[in-house]
Amino acid sequence: MPTTPACRLYLVTPPDLEPSVFAPVLAAALDAGDVACVQLRLKLADRDTAAPADVLRRACDVLRPVAQERNVAFVLNDRPDIAAETGCDGVHIGQSDTPYQEARRLVGADGIVGVSCHDSRHLAMVAGEQGADYVAFGAFFPTGTKGTPYRPEPGILEWWSSLMEIPCVAIGGITPDNCGPLVRAGADFLAVVTAVWNHPDGAAAAVRAFNRAIAEAG
């Protein structure tokens with residue numbers, strides 16, 4: 001019987017998409033190999049501001065079933081209220097988004113609440129103590145997806161995984177070519193955006209390439 005890899009893919013959607021057009025692309029990516037989670041992260045063009053609620057609801061209604069029918073968790077960025085309303089598996093929150101306790105109240109005890117912790121061991125410990133289902137560190141490499149001044153070293157993944165059972169997510173400029181050190185450092189999930197959706201051979205090929213790279217590094 002095949003075993004679940006120690007490190008798995010966590011796909012983050014492009015910030016701008018048409019749900020009905022993106023749905024078959026997402027399905028092909030999920031059918032191509034092991035993927036643990038999909039995060040819907042829609043932003044207004046040229047701004048790091050969440051898309052309007054009606055846009056988020058429609059995207060959730062179209063894309064959530066694509067993931068959940070394949071036993072892939074589907075989480076929404078920033079908006080635990082809409083995540084709960086639309087049947088998402090949970091929410092991902094940043095340090096300036098909805099506070100953890102409110103996010104937990106909205107998605108419930110069984111919902112996923114993941115927390116961005118940048119390069120901060122302190123923020124990660126606080127999130128873990130509050131009950132976060134995972135903590136996310138990054139950006140580990142240069143990325144054009146989201147401007148960030150934070151640039152942790154892989155050692156933060158080693159530190160976290162040696163102390164805590166709560167999973168950690170590595171994010172930021174990750175590709176099949178550079179992910180090896182993060183896998184070996186103890187990342188439970190690799191969150192990827194551009195390297196999948198902008199892959200020259202398509203998202204399915206990217207998922208296969210990541211799965212190979214993870215297996216080789218493990």
Item checked: Test: residue in region 143-155 that is in contact with a helix residue (DSSP H, G or I) (Cβ under 8 Å, 6 or more places away or on another chain) and at pLDDT 95 or above -> yes
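Of these, Phe141, Phe137, which one is surrounded by fewer than 20 Cβ atoms within 10 Å (Cβ to Cβ) and either aliphatic (A, V, I, L, M) or under 18 Å from the mean Cα position of the chain (by Cα) (or both)? Walk me through it before giving the result.
Numbers: Phe137 fails: surrounded by fewer than 20 Cβ atoms within 10 Å (Cβ to Cβ).
Exactly one of Phe141, Phe137 is surrounded by fewer than 20 Cβ atoms within 10 Å (Cβ to Cβ) and either aliphatic (A, V, I, L, M) or under 18 Å from the mean Cα position of the chain (by Cα) (or both), namely Phe141.
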Check: Consider Val35 against the criteria (1) more than 20 Å from Ile166 (Cβ to Cβ); (2) touching a strand residue (DSSP E or B) at 6+ places or on another chain (Cβ under 9 Å); (3) part of a helix (DSSP H, G or I); (4) hydrophobic (A, V, I, L, M, F, W, C): it satisfies all of them except one. Which criterion is unmet?
Finding: (3)
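Condition check: farther than 18 Å from Leu11 by Cβ and without any contact (Cβ under 8 Å) to a residue 40 or more places away in the chain. Does Ala84 satisfy that? Talk me through it step by step, then tell me what you get.
On the way: farther than 18 Å from Leu11 by Cβ: yes; without any contact (Cβ under 8 Å) to a residue 40 or more places away in the chain: yes.
Spelling it out, Ala84 is indeed farther than 18 Å from Leu11 by Cβ and without any contact (Cβ under 8 Å) to a residue 40 or more places away in the chain.
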Check: Out of all the residues in region 112-119, is one or more of a type in the set (Asp, Glu), farther than 27 Å from Arg208 by Cα and at pLDDT 95 or above?
Finding: yes
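Identify, from the list Cys7, Cys60, the residue that is closer than 20 Å to Val113 by Cβ, of a type outside the set (Lys, Arg) and either touching a strand residue (DSSP E or B) at 6+ places or on another chain (Cβ under 7 Å) or at pLDDT 95 or above (or both).
Numbers: Cys7 fails: closer than 20 Å to Val113 by Cβ.
It is Cys60.
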Next item on the list: Take region 108-127 and flag every residue that is surrounded by 23 or more Cβ atoms within 10 Å (Cβ to Cβ) and of a type in the set (Val, Ile, Thr).
Entry: Val113, Val115
Notebook entry, point to check: Restricted to region 16-46, and to residues that are of a type in the set (Gly, Ala, Ser) and over 14 Å from Asn71 (Cβ atoms), which residue is surrounded by the most Cβ atoms within 10 Å (Cβ to Cβ)?
Noted result: Ala29
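For every residue, the table says whether it meets (1) of a type outside the set (Gly, Ala, Ser); (2) touching a strand residue (DSSP E or B) at 6+ places or on another chain (Cβ under 7 Å).
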residue: Glu85; (1), (2): yes, no
residue: Cys88; (1), (2): yes, yes
residue: His92; (1), (2): yes, yes
residue: Arg105; (1), (2): yes, no
residue: Met125; (1), (2): yes, no
residue: Gly128; (1), (2): no, yes
residue: Asp133; (1), (2): yes, yes
residue: Trp160; (1), (2): yes, yes
Notebook entry, point to check: So, in region 105-123, of the ones that are assigned to a strand (DSSP E or B) and in contact with a helix residue (DSSP H, G or I) (Cβ under 7 Å, 6 or more places away or on another chain), which residue ends up nearest to Ile156 (Cα to Cα)?
Noted result: Cys117
Note to self: Ala53 - would you say it is surrounded by 15 or more Cβ atoms within 10 Å (Cβ to Cβ) and either closer than 24 Å to Leu106 by Cα or of a type outside the set (Ser, Thr, Tyr) (or both)?
What the structure shows: no
Notebook entry, point to check: Do we find that Ala67 is within 23 Å of Arg8 (Cα to Cα) and part of a helix (DSSP H, G or I) in this structure?
Noted result: yes
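The values are calculated or read from the model by the stated rules, or taken from the named source; none is laboratory data. The structure presented is a predicted model; accordingly, all values stated were derived computationally and were not measured. Positions of Cβ are backbone-derived with ideal geometry, glycine not excepted, and every protein chain shown enters the neighbour counts.
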